[in-house]
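Notes to accompany the following structure.
The values are calculated or read from the model by the stated rules, or taken from the named source; none is laboratory data. Being a predicted model, the structure only gives us computed values, none of them experimental. No Cβ is skipped: glycine too gets one built from the backbone with ideal geometry, and neighbour counts run over all protein chains shown.
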Amino acid sequence: MDTTVTKDVFKRAQVFTIARGSRTEAKVLTVRITDGAQQGWGECVPYARYGETRESVTEQIESLPEAVTRDALYDLLPAGAARNAVDCAL
């Protein structure tokens, strides 16, 4: 299987405000997994509140074995943005 991770930035139509602050864009990682015949997509937003950065999440995803399965994923990655995006792509 081939896994690619791309960084995307999506501008919000309006400012999104909650108690922790306001955001005008979403910094997203998009994961694409393909075996040549089929492909899947997943995405995630790493949260600094949980110690995640786009770089650290990308490293987690790229550290996975080439033929990762959904069952194995739960033992290979902790709960968080990386596992979510890969799970969705699978």
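In this structure, is V68 modelled with pLDDT under 95 and either in contact with a Pro (Cβ under 7 Å, 6 or more places away or on another chain) or crowded, with 17+ Cβ neighbours inside 10 Å (or both)? Don't jump to the end; show me each part of the working.
On the way: modelled with pLDDT under 95: yes; either in contact with a Pro (Cβ under 7 Å, 6 or more places away or on another chain) or crowded, with 17+ Cβ neighbours inside 10 Å (or both): yes.
Spelling it out, V68 is indeed modelled with pLDDT under 95 and either in contact with a Pro (Cβ under 7 Å, 6 or more places away or on another chain) or crowded, with 17+ Cβ neighbours inside 10 Å (or both).
Which residues, counting only those in region 12-57, are under 18 Å from the mean Cα position of the chain (by Cα), basic (K, R), in a strand (DSSP E or B) and surrounded by fewer than 14 Cβ atoms within 10 Å (Cβ to Cβ)? Break it down into steps so the answer makes sense when it comes.
First, pick out the residues of region 12-57 that are under 18 Å from the mean Cα position of the chain (by Cα): 25-34, 39-57.
Those still in the list that are basic (K, R) too: 27, 32, 49, 54.
Subset that is in a strand (DSSP E or B): 27, 32.
Passing the criteria: only K27.
Among the residues that make up region 58-66, is at least one of them of a type in the set (A, V, I, L, M, F, W, C) and in a loop (DSSP other than H, G, I, E, B)?
Residues of region 58-66 that are of a type in the set (A, V, I, L, M, F, W, C), as a first pass: 61, 64.
Filter once more, so that each one left must be in a loop (DSSP other than H, G, I, E, B): 64.
Within region 58-66 (the criterion being of a type in the set (A, V, I, L, M, F, W, C) and in a loop (DSSP other than H, G, I, E, B)), the answer is yes, since at least one residue qualifies.
Of the residues G36, G42, G51, which is over 21 Å from P78 (Cβ atoms) and out of contact with any Gly (no Cβ under 8 Å at 6 or more places or on another chain)?
So the residue among G36, G42, G51 that is over 21 Å from P78 (Cβ atoms) and out of contact with any Gly (no Cβ under 8 Å at 6 or more places or on another chain) is G36.
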